[in-house]
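Q: For reference, the structure I am asking about is given below.
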Amino acid sequence: MDKEYNPKIIEDNVQEFWELNKSFSTSLNSDRKDNFYCLSMFPYPSGKLHIGHVRNYTIGDVISRAMRMTGKTVFQPMGWDSFGLPAENAAIQNKVHPEVWTRKNIEHMKNQLMKLGFSYDWEYEITTSDSKYYRWEQWFFLKLLDKDLVYRKKSEVNWDPIDKTVLANEQVIDGKGWRSGAEIERKEIPQWFLKISNYADELLRDLENLKQWPSSVLTMQRNWIGKSEGAIVQFQICDSDMTLDVYTTRVDTIFGVAFLAISPSHPFLKSRDDLSMEVLEFIDRCSSIKVSEETIGQIEKEGVKTDFEAVNPVSGEKVKVWLANYVLSDYGTGCVMSVPAHDERDFEFATKYNIPFKKVIKSNHSSDQNAYTGEGILINSGQYNSKKSSDARDDIIHFLQTKKLGKKKINFRLRDWGISRQRYWGCPIPVFYHLDGTMFPVPEADLPVELPNDINLNVDGNPLDSHPTWKYIKCPYTGKDAIRETDTFDTFFESSWYYLRFLSSNNSERIFDDNVDAWLPVDQYIGGVEHAILHLLYARFFHKLMRDFDLLSSSEPFTSLLSQGMVLKDGSKMSKSKGNTVDPDDIINKYGADTLRVFIMFAAPPDNNLEWSDTAIEGSYKFLKRLWSFAYQIKNAESTDEIDDERFRQINTKINKSIEKVTNDMFVRKNFNTAIATIMELLNELTKYADYNKRDNKLCFIALETILKILSPFAPHITQEIWWKCFDDRILMDERWPKSDKDALIEDIKEIVVQVNGKLRGRIQVDTGSDEAEVNRKVHEDEKLKKYLSNDIKKIIFIRDKIINYVI
RNA sequence: GCCCGGGUGGCGGAAUUGGUAGACGCAAGGGACUUAAAAUCCCUCGAGAGCAAUCUCGUGCCGGUUCGACUCCGGCCCUGGGCACCA
């Protein structure tokens with residue numbers, strides 16, 4: 001054994017062994033009982049691994065390795081979410097084909113993952129841009145089409161009028177196209193949608209079964225789905241037979257309606273040819289607002305009054321119809337009844353345009369500076385006066401129902417999922433059209449519909465649409481001329497089911513092997529908190545769809561979720577544009593993978609954001625060096641003749657307490673930072689003991705064995721190497737996780753905290769389990785503590801083995 | 001704007017169920033070893049007062065509950081993430 005710790009040599013050596021030994025390969029045919037499917041969110045192959053990936057994948061690998069040591073058969077695969085926008089951008093900027101660029105990135109990043117020593121079973125690697133993967137996506141889409149779970153409708157996109165292309169939200173900067181700088185326009189185009197709304201109720205309900213998900217994620221999903229109970233109310237347009245439907249959850253405030261506010265893209269406006277210039281101008285102005293709820297929420301509320309009036313179906317009052325830019329076109333009916341006294345947004349709008357309004361709910365707050373949005377007793381509401389909000393709602397809905405002017409309605413905020421993208425680098429949607437526009441599915445036998453390799457990306461609009469030949473086909477059913485769909489799937493489509501395909505990656509005959517149910521749901525899923533809503537909701541949705549097609553039998557994809565915080569540098573997200581990225585390769589070259597793994601897990605608990613520091617990592621490196629020299633020292637030493645029994649007992653207790661703590665941190669709390677701190681503490685203690693002239697070297701070996709085992713998930717290379725040097729030639733990851741010796745944990749003396757009025761005044765040593773009287777007696781014997789207790793003691797609060805508090 | 005987090009020494013963090021605030025580590029300062037440096041090891045390290053024992057203050061801010069609050073409740077400030085075409 002060398003005296004010096006040399007991570008480079010050790011890591012190469014251990015990694016070579018793992019590869020030759022096929023240490024990470026998993027047989028997927030084993031029984032359900034002992035299976036453990038551990039999955040980290042697969043990356044988009046953007047070029048290089050960043051520290052955020054390292055953090056995500058270290059957490060996954062630590063859990064995988066630790067679970068394996070408890071006797072589980074662990075499956076931990078890895079793959080590439082390789083369709084997406086950056087490949088097309090890179091292609092345009094650097095004139096590289098997206099596929100070439102993607103392949104190169106994958107090769108580099110895979111190499112980086114290998115150097116980090118992650119225990120992936122690469123046999124099951126998935127690349128989503130490979131037709132071996134996406135053909136099954138197309139296959140599944142055809143099933144959805146067959147069951148009417150997909151449909152086409154017109155919907156708005158951000159349109160760049162110069163580049164003649166659809167822009168993603170992130171490509172719109174300050175309302176302008178990122179490349180052309182042109183003011184964007186909202187444009188309606190036909191798009192494909194998936195009926196996620198059919199599953200809204202189930203997606204909401206099943207959140208209750210996800211006991212091992214962070215409650216913040218559950219809340220976010222619940223709010224996103226946004227189930228609300230309200231009513232649809234019909235307002236008749238005066239001097240017309242047209243009506244405007246309103247959705248409201250506060251029908252009890254209907255007497256307070258000051259105006260109707262409709263979205264500038266409401267269909268009602270398209271049906272009228274008598275709109276004023278002002279209105280037309282306003283509609284035009286709104287059409288340059290980006291299609292994003294964030295933007296709509298932040299813009300200054302503006303509107304314009306129309307000449308239309310509508311009749312309040314309950315009060316009979318006439319109110320003006322306004323266009324308002326804060327009304328969402330695709331939530332509810334795209335038209336709201338505005339009650340400024342009891343809604344913040346309406347209040348702001350009414351104040352701005354001096355629209356008079358009245359209060360209809362009694363409230364204690366006298367301020368006229370804002371709206372009262374709570375419930376209460378009705379006023380100014382005719383026959384409904386002095387009713388409670390909830391009763392009034394029932395009565396008013398009943399009234400509307402009998403008049404056929406409204407009804408109860410359960411509404412969801414969740415909208416159907418638009419899956420069409422007008423881009424090249426995505427999975428082709430497997431349908432085609434006859435020249436008359438009739439749509440047909442591509443026959444299953446003709447799958448996959450592959451992307452053409454020769455593509456010119458420097459064209460207006462969707463490159464597939466401009467391809468000279470690709471879209472022109474003969475209809476396989478009739479032989480007539482036909483045109484392929486040139487839209488491709490949203491890349492969330494691929495990431496919604498990759499965790500399923502991992503279990504059958506190499507099956508070219510079927511989407512899934514028979515073994516899927518033996519491995520599902522995924523036992524542990526780990527990924528960035530930024531995916532808390534969209535990706536996780538879509539994956540849950542796909543799982544339920546797959547279940548309903550009898551492809552699997554569980555209802556939820558991920559039993560336990562760990563949503564990890566982001567890695568920040570200088571307080572913000574690392575990005576190339578800010579020039580604050582950290583290349584893991586540099587760290588590995590300087591300190592080795594083990595140091596990086598230990599540091600990233602030590603620096604913060606997994607769900608915190610992590611502030612990267614170039615210097616703090618030194619501490620982890622020093623720790624591994626100390627571990628190496630401890631092993632070196634005891635290997636070359638022997639027990640002394642005379643052993644200090646008291647010291648032996650202390651060290652033995654420390655070892656067992658450490659096992660206890662690390663086991664809990666690792667498997668229950670998943671707070672890896674404190675697990676590592678505990679191991680550091682133990683090593684510090686042992687280093688002192690190893691220098692002690694009455695030490696038992698055998699105990700040092702027992703301690704070393706323990707440390708190697710409990711540290712191995714974090715630092716798998718150094719621990720394996722020391723194991724080989726100091727113990728035997730077995731594989732450390734196949735050893736069993738240590739169990740603490742309960743007898744060694746028992747302490748016969750406890751330190752009790754003595755407080756007076758809750759303030760710390762001292763500590764005393766007592767026998768474990770001493771009762772109040774005994775402790776009280778000892779406190780009174782203590783010279784220092786006695787003086788605090790001269791006054792009358794009103795009360796004593798005593799907690800065995802912990803504190804005694806005197807209230808005086 | 002709406003939804004979900006977070007705020008503790010110079011810094012990252014610990015305190016697991018309301019019971020010792022600052023474990024572990026970084027940085028800094030001092031020392032040992034060395035011709036010197038690196039590496040390593042030892043000591044100090046929340047603020048203030050005091051020769052000292054010790055005392056007072058201290059977990060973003062204001063208020064509340066409690067014998068006792070980083071922890072629970074109400075209000076506010078700052079900050080990170082998401083907002084449906086970044087992934």
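Q: Quick one: accessible area per residue over segment A:616-744, 1.4 Å probe, rounded to a whole number of Å²?
A: Normalised by residue count, the accessible surface of segment A:616-744 is 44 Å².
Q: For A:Q650 and A:N354, calculate 0.36 nm times their separation in residues minus their Cα-Cα distance, and state this gained length in nm to one decimal.
A: Fully extending the segment from A:Q650 to A:N354 adds 98.7 nm.
Q: Taking the Cα-to-Cβ direction at A:F701 and at A:R285 and moving 7 Å from each Cα, how far apart do the two end points lie in nm?
A: 8.5 nm
Q: Give the peptides A:471-479, A:512-520, A:396-404, A:557-565 in descending order of average Cβ contacts within 10 Å, highest first.
A: Result, highest mean Cβ count within 10 Å first: A:557-565, A:512-520, A:396-404, A:471-479.
Q: Shifting gears a bit: For the peptides A:90-97, A:588-595, A:162-169, what is the packing order when you average, over each peptide's residues, the other Cβ atoms within 10 Å and list the highest mean first?
A: A:588-595, A:162-169, A:90-97
Q: Based on the Cβ-Cβ distance from A:D273 to A:D460, what FRET efficiency comes out when R0 is 25 Å, to the nearest 0.05?
A: Result of the calculation: an efficiency of 0.20.
Q: How about A:K352: which aspartates and glutamates have a C-alpha closer than 17 Å to its C-alpha, ignoring those fewer than 8 places off in the same chain?
A: The reachable aspartates and glutamates, counting only those whose Cα sits under 17 Å from A:K352, are A:E300, A:E302, A:D343, A:E344, A:D368.
Q: Now for a different question. Using θ = phi - 60° and the Karplus curve 6.51 cos²θ - 1.76 cosθ + 1.60, what whole-Hz ³J(HN,Hα) does each residue of segment A:509-519 get, with Gly and Pro shown as x?
A: After applying 6.51 cos²θ - 1.76 cosθ + 1.60, I find 8, 9, 5, 10, 6, 5, 7, 3, 5, 6, 10 Hz.
Q: Quick one: compute the contact order of chain A, relative version, from alpha carbon pairs under 8 angstrom and 6+ residues apart, as a percent.
A: 14 percent
Q: Any aspartates and glutamates with Cα under 16 Å of the A:K154 Cα? List them, leaving off those in the same chain fewer than 8 positions away.
A: A:E185, A:E188, A:D330, A:D416, A:E485, A:D487
Q: Can you tell me, using C-alpha contacts under 8 Å and at least 6 residues apart, the relative contact order of segment A:227-412 as a whole percent?
A: Rounded, it is 30 percent for segment A:227-412.
Q: Still on this structure, please answer the following. Work out from phi, with θ = phi - 60° and the Karplus expression 6.51 cos²θ - 1.76 cosθ + 1.60, the ³J(HN,Hα) of each residue of segment A:264-276, listed in order in whole Hz, and give x for Gly and Pro.
A: Computed from phi, the couplings for segment A:264-276 are x, 9, 5, x, 3, 5, 6, 7, 10, 10, 10, 7, 6 Hz.
Q: Measuring from label point to label point, each 7 Å out along Cα→Cβ, what is the A:S292 to A:K132 span in nm?
A: Label at A:S292, label at A:K132, 3.8 nm between them.
Q: Okay, moving on. Hey, can you grab everything whose amide H is under 5 Å from the amide H of A:F75? Only 5+ residues off in sequence or another chain; H modelled, so Pro and N-termini drop out.
A: Residues meeting the amide H criterion: A:F36, A:Y37, A:C38.
Q: Over chain A, what percent of the accessible surface lies on carbon and sulfur atoms, probe 1.4 Å?
A: 47 percent
Q: Round to the nearest 0.05 the FRET efficiency obtained for A:D206 and A:K362 when R0 = 56 Å and r is the Cβ-Cβ distance.
A: It comes out at approximately 0.90.
Q: Add -39500 (n - 2.57) for each DSSP H run of 4 or more in chain A, then divide by its residues: what number comes out at 222 nm, to the nearest 500 deg cm²/dmol?
A: Helices in chain A give a 222 nm mean residue ellipticity of -10500 deg cm²/dmol.
Q: Multiplying the sequence separation of A:I749 and A:A518 by 0.36 nm and subtracting their Cα-Cα distance, what value in nm do you get?
A: Stretched fully, the A:I749-A:A518 segment lengthens by 78.2 nm.
Q: Take the Cβ-Cβ distance between A:N453 and A:R179 as r, set R0 to 22 Å, and report the resulting FRET efficiency rounded to the nearest 0.05.
A: Computed FRET efficiency for A:N453 and A:R179 comes out at 0.35.
Q: Run the numbers for A:H434 and A:D607: contour at 0.36 nm per residue of separation, minus the present Cα-Cα distance, in nm.
A: Fully extending the segment from A:H434 to A:D607 adds 57.1 nm.
Q: If packing is taken as the average count of other Cβ atoms within 10 Å, what order do A:273-280, A:40-47 fall into, highest mean first?
A: Result, highest mean first: A:40-47, A:273-280.
Q: List the chymotrypsin sites (Phe, Trp or Tyr not before Pro) in segment A:277-375 that DSSP assigns to loop (not H, G, I, E or B) and whose Cβ has at most 11 other Cβ atoms within 10 Å. Which are they?
A: none
Q: If I model a spin label at A:E229 and A:I797 as a point 7 Å from the Cα along the Cα→Cβ vector, what separation in nanometres do I get?
A: Here the modelled spin labels are 4.2 nm apart.
Q: Explain nothing, just the number: relative contact order of segment A:317-367, from Cα pairs under 8 Å at least 6 residues apart, as a whole percent.
A: Once divided by the residue count of segment A:317-367, the mean separation gives 22 percent.
Q: Roughly speaking, what is the centre-to-centre gap between segment A:703-766 and segment A:107-127 when only Cα atoms are used, to the nearest Å?
A: Answer, in whole Å: 32.
Q: Structure shown: which of A:K104/A:K670; A:K110/A:K164; A:K688/A:K739 lie over 27 Å apart, alpha-carbon to alpha-carbon?
A: A:K104/A:K670; A:K110/A:K164
Q: If you don't mind, another one. Antiparallel versus total DSSP beta bridges in chain A: what percent is that, nearest 5?
A: Taking every DSSP beta bridge with both residues in chain A, the antiparallel ones total about 75 percent.
Q: Next question, about the same structure. Give me the accessible area per residue for segment A:227-412, probe 1.4 Å, as a whole number in Å².
A: 50 Å²
Q: Also, quick follow-up: Of the beta bridges DSSP finds with both residues in segment A:747-807, what % are antiparallel, to the nearest 5?
A: Among the beta bridges of segment A:747-807, antiparallel pairing accounts for roughly 75 percent.
Q: Please list 3J(HN,Hα) in residue order for segment A:31-43, calculated via the Karplus relation 6.51 cos²θ - 1.76 cosθ + 1.60 where θ = phi - 60°; whole Hz, with x for glycine and proline.
A: 5, 4, 3, 9, 6, 9, 9, 10, 10, 9, 4, 6, x
Q: What lysines does A:K362 reach when the alpha-carbon gap must be under 20 Å and sequence neighbours fewer than 8 apart in one chain are set aside?
A: The reachable lysines, counting only those whose Cα sits under 20 Å from A:K362, are A:K387, A:K388.
Q: Need the C-alpha centroid separation for segment A:17-70 versus segment A:621-686, integer Å.
A: Taking the Cα centre of segment A:621-686 as reference, the centre of segment A:17-70 is 27 Å away.
Q: Kindly report the accessible area of segment A:747-807 per residue (heavy atoms of protein chains, probe 1.4 Å, no ligands, DNA or RNA), in Å².
A: Ligands and nucleic acids excluded, the result is 67 Å² per residue.
The values are calculated or read from the model by the stated rules, or taken from the named source; none is laboratory data. All values reported here derive from a predicted model rather than from experimental measurement. Here Cβ is always computed from backbone atoms with ideal geometry, including for glycine, and neighbour counts include all displayed protein chains. Side chains included, ligands, DNA and RNA excluded: accessible areas come from the protein's heavy atoms. Shrake-Rupley method; radii C 1.70, N 1.55, O 1.52, S 1.80 Å.
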